[in-house]
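Enquirer: Before we start, here is the structure in question, set down as structure tokens.
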Amino acid sequence: MVILYTIGYTKKSLKEFVGLLTKEEVEKVVDVRLKNTSQLAGFAKEDDLRFILGHFMKVAYEHVPLLSPTEEIFETIKKKKDWELYVRMYTDLIRERKMDQVLKKAIGGYERVCLLCAEDSPKQCHRRLLAEYYQRIVGGVEIVHLTEKDARRLMK
């Protein structure tokens, strides 16, 4: 059985982020952001994240932008603020790109994999939609969302 975690780095310190992944014994992080090199990403820029995860935590890292929404979909949600439209557009893209197969390949033989993006909450985030779709198609997958609330509790 695969445990598919999801996490957003926004509103988390590096200590909180690492603490959550360590506590859950995550074996691999699959970065599902379209772009992962922005200065706004802080510690979550690709090179820094790859170094932190690999060198200090012995956690595998892979950036798979094919699992991300397109720029067009991102622009739609920014302009129209229509979550239902976003869900339909991204779900169509999931099917079109056969993301279940792409994610299955990214997961490989790992049992504790975490989908990473920027959104602090999974509520209106593509990582949740992707995880839920994968769970429906593949089966035998447990989804656990690692949130800011979990990070704060872990730090006490």
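None of the figures in this text is laboratory data; all of them are computed from the coordinates on show. Because the structure is a prediction, the values reported are computed rather than measured. Glycine gets a Cβ as well: all are built from the backbone with ideal geometry, and neighbour counts include every protein chain shown.
Enquirer: So, R0 is 30 Å and r is the distance between the beta-carbons of T91 and K58; what FRET efficiency does that work out to, to 0.05?
Expert: In this case the efficiency is close to 0.30.
Enquirer: Run the reach check for K80 against lysines, Cα to Cα strictly under 20 Å, same-chain hits fewer than 8 apart removed. What comes back?
Expert: Within the straight-line limit of under 20 Å, K80 reaches these lysines: K123.
Enquirer: Given Cβ point charges of +1 (Lys, Arg) and -1 (Asp, Glu) and nothing else, what value in debye, to the nearest 20, does the dipole of the chain about its Cα centre take? Show your work: numbers first, answer last.
Expert: Values: 29 positive and 24 negative charges, 62 e Å.
Using only the charged Cβ atoms, the result is roughly 300 debye.
Enquirer: How big is the C-alpha Rg of the chain next to the rule-of-thumb value 2.2 N^0.38 Å, as a ratio?
Expert: With N residues counted in the chain, Rg over 2.2 N^0.38 Å equals 0.99.
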